[in-house]
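Asks: One structure coming up, written as structure tokens, with questions to follow.
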Amino acid sequence: MVGAGHGAGMAAANLRQYGFAGPITLIGEEPIPPYQRPPLSKAWLKGEADEDALTLKPESFYAEHGIDLRLGVRAEAIDRGAGRLRLSKGDDLAYDILILATGARPRRLDIEGANLEGVRVLRSAADAEALKAELGPGRRLAVIGGGYIGLEVAASARALGADAVVIEREARVLARVANQTLSDFFKSYHEARGVTFELGAEITGFEGANGRVAGVRLGDGRLIACDVVLVGVGAIPNDELAREAGLDCTTGVIVDEAARTSDASIFAIGDVTLRPMPLYNRLFRPESVPSALEQAKQAACAIAGRPGPPSEVPWNWSDQYDLKMQLAGLPFDVDEVLVRGDPANAHFAVFHLNQGMIQAVEAVNAPAEFMGGRQLIGSRRVIARERLADPSISMKEVAA
Amino acid sequence: MAKITYIEHDGTEHAIDVKPGLSVMEGAVKSNIPGIDADCGGACACATCHVYVDEAWRDKTGSMSAMEESMLDFAEQVEPNSRLSCQIKVTDALDGLIVRMPESQH
């Protein structure tokens, strides 16, 4: 496996659970064994989870299960004809089956001052550690990008006593992923906890003093003073290795429902893939842990000669302050949006419908809406709108 | 350490020592015990770490939060002794705990 992140670690564990007995090698550029990234912007950043909680499996697990972890090593090229992988360190590695789990990297801004000390991104444990070291009482954080990562980091920064300002190019936060109701809700929830917003704001550059960032220059000429910047403006799939090897790629490596690439002996899983979404009849790059774990199972089943796992409704989650946000489905082809519950109580759900069928639900502190919604999305049933919109009828009854 | 016995749906038993402070889910996942998926890593966001707590241990494992209760309400094959194992903290008092797993987590 190329990559030793969450998906790769689980694929290796699944292979052993499914009885695959051949040698497994994980090649990872990071110096640490597979770990979970979601807490890096949430519980870990706030200091509520330790390293142990991040680690996927204890280090002894790999040796005990015949999994060779080669950390701090980069795969340089795939020779598909010879079935060999060229590595940055050590000899070439022969393979019968390859799994690409190279993930994605944070998009960086190509503007003046982008290389100043203190302009940070968040992807790896090392990124998180560097960011955490810069947050604390009285520190001023500027978050570029009002997406989930940006909002989670802003919430964690407030918990650590730092000031936070979120600067977003669009007129609302979560503009690419959520509708107006959610955007408005999250903005006011953050504002009530001391976060400020600059929306519809263009950034022209970062300004520094002695090589360190001191402010963000906006298009209207204003300077937002800060001590540290988090750039959270999306991710780029690490598909270069696959591309250079001639595998079918567009934005990401194209795979089928068994996580197989255009080469039958090469699989790809996780954020690097553009994968089929059976419920929505299209390819998509979900960039989510649940999707990576589903694909880890798909690939492991195919390799171990087992039937594939049942197809899942895509889902994800976000923690901010005391809010638990859970998302199921994808808001494609939506012709109606329905809100159940009252955002003013921080307990509501937004349902996205297509011809009366639920395509997606975004639930805030509303686990029943999430769980019931997820089932209804999978069932492709036309639901009774007026019942779904009425919180006095339980989700259990709505979904029955 | 607390000894916890995880019993797969097919009857396979795994008795392992789990460090107090971890959750019952983490104990299983770190030892690669099949049958507990725990896709969200313990955030009580996915209901894929569903277990049945042995009757003798129901009181000692504490009560459920409203969140856990709502999540479980929609899980498959729920029984009165169903719990999400990410929400059970391991303590010395749980030495000897037995949990069984459902047929599937999805």
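Asks: So which of A:PHE267, A:PHE186, A:PHE206 ends up being closer than 30 Å to A:ARG340 by Cα, in contact (Cβ under 8 Å) with a residue 24 or more places away in the chain and not β-branched (Val, Ile, Thr)? Quick ask: steps written out before the conclusion?
Replies: Numbers: A:PHE267 fails: closer than 30 Å to A:ARG340 by Cα; A:PHE206 fails: closer than 30 Å to A:ARG340 by Cα.
Of A:PHE267, A:PHE186, A:PHE206, the one residue that is closer than 30 Å to A:ARG340 by Cα, in contact (Cβ under 8 Å) with a residue 24 or more places away in the chain and not β-branched (Val, Ile, Thr) is A:PHE186.
Asks: OK, next. Touching a Lys or Arg at 6+ places or on another chain (Cβ under 8 Å), among the charged types (D, E, K, R), open to solvent by 10 Å² or more (accessible area, probe 1.4 Å) and without any contact (Cβ under 8 Å) to a residue 60 or more places away in the chain: does that describe A:GLU59?
Replies: Details: touching a Lys or Arg at 6+ places or on another chain (Cβ under 8 Å): no; among the charged types (D, E, K, R): yes; open to solvent by 10 Å² or more (accessible area, probe 1.4 Å): yes; without any contact (Cβ under 8 Å) to a residue 60 or more places away in the chain: yes.
No: the conditions fail for A:GLU59.
Asks: Okay, moving on. For residues in region B:29-61 being within 12 Å of chain A (Cβ to nearest Cβ) and charged (D, E, K, R), which is farthest from B:VAL18 (Cα to Cα)?
Replies: Filtering region B:29-61 for residues that are within 12 Å of chain A (Cβ to nearest Cβ) and charged (D, E, K, R), the one farthest from B:VAL18 (Cα to Cα) comes out as B:ASP39.
Yes/no per residue for (1) at the interface with chain B (Cβ under 9 Å from one of its Cβ atoms); (2) within 21 Å of A:ALA101 (Cα to Cα); (3) of a type outside the set (A, V, I, L, M, F, W, C):
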{"site": "A:TYR280", "(1), (2), (3)": "no, no, yes"}
{"site": "A:ALA302", "(1), (2), (3)": "no, yes, no"}
{"site": "A:GLY308", "(1), (2), (3)": "no, yes, yes"}
{"site": "A:GLN320", "(1), (2), (3)": "no, no, yes"}
{"site": "A:ALA328", "(1), (2), (3)": "no, no, no"}
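Asks: Right, A:LEU71: out of contact with any Phe, Trp or Tyr (no Cβ under 6 Å at 6 or more places or on another chain) and at pLDDT 95 or above or not? Reasoning before the result, please.
Replies: Details: out of contact with any Phe, Trp or Tyr (no Cβ under 6 Å at 6 or more places or on another chain): yes; at pLDDT 95 or above: yes.
Against the criterion (out of contact with any Phe, Trp or Tyr (no Cβ under 6 Å at 6 or more places or on another chain) and at pLDDT 95 or above), A:LEU71 qualifies.
Here's the yes/no breakdown for (1) at pLDDT below 95; (2) surrounded by fewer than 21 Cβ atoms within 10 Å (Cβ to Cβ); (3) in contact with a Lys or Arg (Cβ under 6 Å, 6 or more places away or on another chain):
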position: A:SER291; (1), (2), (3): no, no, no
position: A:SER311; (1), (2), (3): yes, yes, no
position: A:LYS324; (1), (2), (3): yes, yes, no
position: A:ASN354; (1), (2), (3): no, yes, no
position: A:VAL361; (1), (2), (3): no, no, no
position: A:VAL382; (1), (2), (3): no, yes, no
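Asks: Moving on to the next point. Only one of A:ILE97, A:ILE149, A:ILE167, A:ILE111 is more than 28 Å from A:GLY5 (Cα to Cα) and open to solvent by 10 Å² or more (accessible area, probe 1.4 Å). Can you tell me which?
Replies: Details: A:ILE97 fails: more than 28 Å from A:GLY5 (Cα to Cα); A:ILE149 fails: more than 28 Å from A:GLY5 (Cα to Cα); A:ILE167 fails: open to solvent by 10 Å² or more (accessible area, probe 1.4 Å).
Within the list A:ILE97, A:ILE149, A:ILE167, A:ILE111, the selection yields A:ILE111.
Asks: Taking A:GLY221 as meeting all but one of (1) over 21 Å from A:GLY5 (Cα atoms); (2) without any contact (Cβ under 8 Å) to a residue 24 or more places away in the chain; (3) assigned to a strand (DSSP E or B), write down the number of the exception.
Replies: The failed condition is (3).
Asks: Tell me the residue from A:GLY72, A:GLY19, A:GLY5 that is within 14 Å of another protein chain (Cβ to nearest Cβ), at positive phi and touching a residue at least 24 places away in the same chain (Cβ under 8 Å), please. Don't jump to the end; show me each part of the working.
Replies: Numbers: A:GLY72 fails: within 14 Å of another protein chain (Cβ to nearest Cβ); A:GLY5 fails: at positive phi.
Only one candidate qualifies: A:GLY19.
Asks: If we scan region B:64-80, do we find a residue that is within 11 Å of another protein chain (Cβ to nearest Cβ) and touching a Ser or Thr at 6+ places or on another chain (Cβ under 6 Å)?
Replies: The first filter runs over region B:64-80 and keeps only residues within 11 Å of another protein chain (Cβ to nearest Cβ), leaving B:65-76.
Then drop every residue that is not touching a Ser or Thr at 6+ places or on another chain (Cβ under 6 Å), which leaves B:72.
Scanning region B:64-80, I find at least one residue that is within 11 Å of another protein chain (Cβ to nearest Cβ) and touching a Ser or Thr at 6+ places or on another chain (Cβ under 6 Å), so the answer is yes.
Asks: Still on this structure, I have one more. Could you tell me whether region B:13-30 includes any residue that is among the β-branched types (Val, Ile, Thr), open to solvent by 60 Å² or more (accessible area, probe 1.4 Å) and outside any strand (DSSP E or B)?
Replies: Keep residues of region B:13-30 that are among the β-branched types (Val, Ile, Thr), which gives B:16, B:18, B:24, B:29.
Among the residues that remain, those that are also open to solvent by 60 Å² or more (accessible area, probe 1.4 Å) are: none.
Within region B:13-30, none of the residues are among the β-branched types (Val, Ile, Thr), open to solvent by 60 Å² or more (accessible area, probe 1.4 Å) and outside any strand (DSSP E or B).
Asks: Here's another thing I want to ask about it. Just checking, does region A:245-254 include any residue being surrounded by fewer than 16 Cβ atoms within 10 Å (Cβ to Cβ) and closer than 15 Å to A:ILE377 by Cβ?
Replies: From region A:245-254, those surrounded by fewer than 16 Cβ atoms within 10 Å (Cβ to Cβ) are A:246, A:248, A:250-251; that's our starting set.
Next, only the ones that are closer than 15 Å to A:ILE377 by Cβ stay: none.
Scanning region A:245-254, I find no residue that is surrounded by fewer than 16 Cβ atoms within 10 Å (Cβ to Cβ) and closer than 15 Å to A:ILE377 by Cβ, so the answer is no.
Asks: So which residues in region B:30-78 are of a type in the set (Ser, Thr, Tyr) and over 21 Å from A:GLU312 (Cβ atoms)?
Replies: Step one: filter region B:30-78 for residues of a type in the set (Ser, Thr, Tyr), giving B:31, B:48, B:52, B:61, B:63, B:65, B:70.
Residues satisfying the conditions are B:SER31, B:TYR52, B:THR61, B:SER63, B:SER65.
Asks: Among the residues of region A:1-29, how many are over 22 Å from B:SER31 (Cα atoms) and in contact with a helix residue (DSSP H, G or I) (Cβ under 7 Å, 6 or more places away or on another chain)?
Replies: Taking region A:1-29 as the starting set, the residues that turn out to be over 22 Å from B:SER31 (Cα atoms) are A:2, A:29.
Still in the list and also in contact with a helix residue (DSSP H, G or I) (Cβ under 7 Å, 6 or more places away or on another chain): A:2.
Residues that pass the stated criteria total 1.
Asks: With A:ALA53, A:ALA43, A:ALA49 as the choices, which residue is part of a helix (DSSP H, G or I) and within 21 Å of A:ILE149 (Cβ to Cβ)?
Replies: Unique residue meeting the criteria: A:ALA53.
Asks: Of these, A:TYR35, A:TYR18, which one is open to solvent by less than 30 Å² (accessible area, probe 1.4 Å) and of a type in the set (Phe, Trp, Tyr)? Lay out the reasoning, then the answer.
Replies: Numbers: A:TYR18 fails: open to solvent by less than 30 Å² (accessible area, probe 1.4 Å).
Just a single option satisfies the conditions, and that option is A:TYR35.
Asks: Yes or no: region B:4-24 includes at least one residue that is of a type in the set (Val, Ile, Thr), within 14 Å of another protein chain (Cβ to nearest Cβ) and under 26 Å from A:PHE370 (Cα atoms).
Replies: Among the residues of region B:4-24, not one is of a type in the set (Val, Ile, Thr), within 14 Å of another protein chain (Cβ to nearest Cβ) and under 26 Å from A:PHE370 (Cα atoms), which makes the answer no.
Asks: Only one residue in A:ALA368, A:ALA384 is away from chain B (no Cβ under 14 Å) and more than 25 Å from A:ARG275 (Cβ to Cβ). Which one?
Replies: Working: A:ALA368 fails: away from chain B (no Cβ under 14 Å).
Unique residue meeting the criteria: A:ALA384.
Asks: Continuing with the same structure: So which residues in region B:44-85 are surrounded by fewer than 20 Cβ atoms within 10 Å (Cβ to Cβ), more than 21 Å from B:HIS9 (Cα to Cα) and not hydroxyl-bearing (Ser, Thr, Tyr)?
Replies: Of everything in region B:44-85, those that are surrounded by fewer than 20 Cβ atoms within 10 Å (Cβ to Cβ), more than 21 Å from B:HIS9 (Cα to Cα) and not hydroxyl-bearing (Ser, Thr, Tyr) turn out to be B:ASP59, B:LYS60, B:GLY62, B:MET64, B:ALA66, B:MET67, B:GLU68, B:GLU69.
Asks: What are the residue pairs meeting all of these: first residue in region B:54-80, first residue within 15 Å of A:GLY372 (Cβ to Cβ), second residue open to solvent by 100 Å² or more (accessible area, probe 1.4 Å) and modelled with pLDDT under 95, Cβ atoms under 9 Å, and 6 or more apart or on different chains?
Replies: B:GLU76/B:GLU103
The values are calculated or read from the model by the stated rules, or taken from the named source; none is laboratory data. Just so we're clear, the structure is a prediction, and the values are computed from it rather than from any experiment. All Cβ positions, glycine included, derive from the backbone under ideal geometry; neighbour counts span all protein chains shown. Ligands, DNA and RNA are excluded from the accessible area calculation, which covers all protein heavy atoms including side chains. Shrake-Rupley method; radii C 1.70, N 1.55, O 1.52, S 1.80 Å.
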